[in-house]
Amino acid sequence: SMLQEWGQKHDFEVIRTAAYQRNESRISSTSIREQLALGDFQLVEQLLGRPYSITGEVVKGQQIGTDIGFPTCNVNPQRRKIPLHGVFACEVRLGDVYLPAAVNIGYRPTVTESGDALLEAHILDFKEDLYGKTIEIIFREKVREELKFNGLDALKKQIVDDVVQVREILNAKKKTA
């Protein structure tokens with residue numbers, strides 16, 4: 001009713017819409033964020049009618065990934081609160097091409113003590129410069145929580161393991177698709 005009053009005062013129309021439900025539960029942005037936090041990307045895809053993704057411009061980072069052999073596309077998620085944290089098996093869409101990627105969303109506790117959450121996508125077997133280009137990161141499965149390691153060597157060892165797991169996850173998904 002408040003929106004309708006404002007609409008009359010400021011010359012815009014308010015249209016009431018029906019709430020959507022699934023299994024007698026209301027589908028809402030809150031319920032979708034809860035499922036994202038749980039890592040249930042299959043359910044999120046059903047609720048949204050499409051896979052969950054984040055789109056953004058690739059920006060220059062600190063080059064730490066490149067220095068340890070895992071260059072990343074840094075994307076500013078431009079959100080105050082991100083519903084996802086951890087390492088994920090994803091696909092990165094560049095135009096009509098979909099590439100496998102290991103993605104970290106978080107605060108990089110091994111590298112820094114503070115700062116904003118970052119999204120870093122390591123596109124597997126990919127060497128092109130994407131600075132300034134817009135990419136879409138499509139989330140398929142959570143690999144693990146974000147962890148703090150005792151230095152860059154320990155982080156690099158874990159990334160090697162993460163990349164192996166991402167390949168296995170995405171290859172298994174291809175076979176069932």
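The values are calculated or read from the model by the stated rules, or taken from the named source; none is laboratory data. Since the model is a prediction, treat every value here as computed from it, not as a measurement. All Cβ positions, glycine included, derive from the backbone under ideal geometry; neighbour counts span all protein chains shown. All accessible areas refer to the heavy atoms of the entire protein, side chains included, with ligands and DNA or RNA removed. Shrake-Rupley method; radii C 1.70, N 1.55, O 1.52, S 1.80 Å.
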* Asked: Could you give the nm distance between label points at GLU145 and SER29, where each point is 7 Å from its Cα heading toward the beta carbon?
  -> 2.7
* Of THR72, THR176, THR55, which has the most accessible area and how do the rest follow, probe 1.4 Å? -> THR176, THR55, THR72
* Asked: Assuming R0 = 45 Å, what is the FRET efficiency of LYS127 and VAL14, from their Cβ-Cβ distance, to the nearest 0.05?
  -> 0.30
* With each pseudo-label sitting 7 Å past Cα toward Cβ, what's the LYS175-GLN46 distance in nm, one decimal? -> 2.4
* To do: On the protein heavy atoms, probe 1.4 angstrom, tell me the percent of accessible surface of the chain carried by carbon and sulfur.
  => 48
* Using only protein heavy atoms and a 1.4 Å probe, report how much of GLU146 is accessible, in Å² to the nearest 10. => 50
* **Cα-centred dipole magnitude for the chain, charges only on beta-carbon of K, R (+1) and D, E (-1), debye, nearest 20** => 260
* Structure fact -> In the chain, taking the dipole from +1 charges on Lys and Arg beta carbons and -1 charges on Asp and Glu beta carbons about the Cα centre, the listed residue (LEU130, GLN42, GLY86) farthest towards the positive end is GLN42
* Just check the chain against the gyration tensor rule for me: Cα atoms, a ≥ b ≥ c as the square roots of the eigenvalues, rounded for a/c under 1.5, and otherwise prolate or oblate depending on whether a/b exceeds b/c. => prolate
* For n ≥ 4 DSSP H runs only, could you compute -39500 (n - 2.57) per run for the chain, divide by its residues and tell me the 222 nm figure to the nearest 500? => -9500 deg cm²/dmol
* Asked: What accessible area, in Å² to the nearest ten, does a 1.4 Å probe give for HIS10?
  -> 100
* **Cross-link pairs beyond the 26 Å C-alpha cut-off, checked among LYS142/LYS175; LYS60/LYS175; LYS127/LYS174; LYS60/LYS157; LYS127/LYS173; LYS142/LYS174** => LYS60/LYS175
* At 1.4 Å probe size, with every protein chain present, just tell me what the per residue accessible area of the chain comes to in Å². => 67
* Rounded FRET efficiency, nearest 0.05, which uses the C-beta distance separating VAL164 from VAL97 and R0 of 25 Å -> 0.65
